[in-house]
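Working notes, structure below.
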């Protein structure tokens, strides 16, 4: 039950040495600051969806008889 919110929260600081981050940054001609902002936005959306999904699963598991 805790794996989903823990996994969604652990992805926040993965960009610093991530090859995909650098590749996307260079492909779209972004500065490091712009790419970091987009990465943080995507991470926030990912964490928020994970938390909502975890809450729904938890709520559903409580009401199952």
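Which numbered condition trips up residue 30, out of (1) modelled with pLDDT under 85; (2) outside any helix (DSSP H, G or I); (3) over 14 Å from the mean Cα position of the chain (by Cα)?
Against the list (1) modelled with pLDDT under 85; (2) outside any helix (DSSP H, G or I); (3) over 14 Å from the mean Cα position of the chain (by Cα), residue 30 comes up short only on (1).
Of all residues being surrounded by 13 or more Cβ atoms within 10 Å (Cβ to Cβ) and without any contact (Cβ under 8 Å) to a residue 40 or more places away in the chain in the stretch 41-65, which is nearest to residue 3 (Cα to Cα)? Just the residue, please.
Per the stated criteria, the residue is 47.
Among (1) modelled with pLDDT under 85; (2) not in a helix (DSSP H, G or I), which single condition is residue 8 missing?
(2)
The values are calculated or read from the model by the stated rules, or taken from the named source; none is laboratory data. Keep in mind the model is a prediction, meaning the values are calculated, not measured. FYI the Cβ positions are ideal-geometry reconstructions off the backbone, even for glycines, and counts take in every protein chain you see.
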